[in-house]
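Worksheet for the structure shown next.
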């Protein structure tokens, strides 16, 4: 069984890097649906050189490595990358017209960011995730969160959002054919939340909020340009080179798909884009109902993470003073907790019960006051939103699904 990759943008290209290094699949089939440059050599140059991560050969074998791409055949659209045969498809953009069946690509990872609706029909003229299955794939992975376009439709039973180490055990080979790997931010956030929820208990979370300080993405502009008709967020049309840009994130909604207990916790998620190519940070703020005799403090919070990191290959706990460049390329690190910057403060919050729903039985003589011990915690989590964190974990999920198909 060969692996199909639809799209050769940031995640598509880095997924190719991941799998030619891993060599789990005998061959890769990459669909770009168009010609690139003057011939296949130009495409090979785009694959083997990267402004963020350097050269593919260096990533694979170190600084003294020779070129990783060989045996280019422009007519056939083939090349050998680190010993792995790679076929490039350059004719079809609609998933239902891609020649997956002809190339034995039974598993496809769609990295285009275009097809995200799991309810769209496979024969949709504009293309859809299910179109890959019409073209011969048996299962499809999506490198983005699902987005159902039509109002009122529920998530199909054969669709699942899964993050390795969080809820990948929910994946059923007999049931699920379309799997979303969520987003880079949701992946990091899930590893910041789950250790605390398992240790402290979801019932003790009063509220939570987060801001991701996020590197630039391909949806932003290098220089200011006019927005397209109907565009509501005008800020993404401003230059990412010299602006801090406020935007949105769907991490709060997606997190509840992989950690169901989050549905009962008031949660707000925001995003700020900054002029860096990769390496992002989540600032997580929690309000925890506490016990005054033994309140949650910095040592307690860090201890939970440190212990969890010892048994999870996807969480790292750091006592270093990191900056964003230090996180780039760290393999499989869904989140790197910056332990030196964990902060807590415990205080008694006074709640006027007359302002709650249970006011009918209260005395009118004086306001009944309830004193609740609450700890506010601020936690920082780094993540490489491209290769090191997200693409590595997407690769692990891809291999898990592939092994279930054998």
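The values are calculated or read from the model by the stated rules, or taken from the named source; none is laboratory data. Since we're looking at a predicted model, the values are computed, not measured. No Cβ is skipped: glycine too gets one built from the backbone with ideal geometry, and neighbour counts run over all protein chains shown.
Overview of values
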| quantity | calculated |
| --- | --- |
| Residue 138 in the same structural domain as residue 6 (by TED's automatic domain parsing) and more than 28 Å from residue 403 (Cβ to Cβ) | no |
| Residue ranges of helices (runs of 4 or more DSSP H) in the range 1-113 with at least 2 members touching a residue at least 60 places away in the same chain (Cβ under 8 Å) and assigned by TED's automatic domain parsing to the domain that holds residue 330 | none |
| Residue within the range 215-232 that is more than 24 Å from residue 311 (Cα to Cα), assigned by TED's automatic domain parsing to the domain that holds residue 256, buried (at least 22 other Cβ atoms within 10 Å of the Cβ) and under 15 Å from the mean Cα position of the chain (by Cα) present | yes |
| The range 205-244, residues that are without any contact (Cβ under 8 Å) to a residue 12 or more places away in the chain and either in a loop (DSSP other than H, G, I, E, B) or touching a helix residue (DSSP H, G or I) at 6+ places or on another chain (Cβ under 7 Å) (or both) | 226, 227, 228, 229, 230, 231, 232 |
| Hey, residue 236 in contact with a strand residue (DSSP E or B) (Cβ under 7 Å, 6 or more places away or on another chain) and assigned by TED's automatic domain parsing to the domain that holds residue 288 or not | yes |
| Failed item in (1) surrounded by 13 or more Cβ atoms within 10 Å (Cβ to Cβ); (2) touching a strand residue (DSSP E or B) at 6+ places or on another chain (Cβ under 8 Å), with residue 70 passing the rest | (1) |
| Selected residue (only one of 175, 228 is modelled with pLDDT under 95 and farther than 28 Å from residue 342 by Cβ) | 228 |
| Unmet criterion (only one of (1) assigned to a helix (DSSP H, G or I); (2) without any contact (Cβ under 8 Å) to a residue 24 or more places away in the chain; (3) more than 19 Å from the chain's Cα centre (by Cα)) for residue 305 | (2) |
| Count of residues meeting criterion [closer than 22 Å to residue 21 by Cα and under 22 Å from the mean Cα position of the chain (by Cα)] in the range 65-120 | 6 |
| Verdict on residue 202 being in contact (Cβ under 8 Å) with a residue 40 or more places away in the chain and either crowded, with 24+ Cβ neighbours inside 10 Å or in contact with a strand residue (DSSP E or B) (Cβ under 8 Å, 6 or more places away or on another chain) (or both) | no |
| In the range 268-291, the residues that are buried (at least 20 other Cβ atoms within 10 Å of the Cβ) and either farther than 29 Å from residue 373 by Cβ or over 15 Å from the mean Cα position of the chain (by Cα) (or both) | 273, 278, 279, 280, 281, 284, 286, 288, 290 |
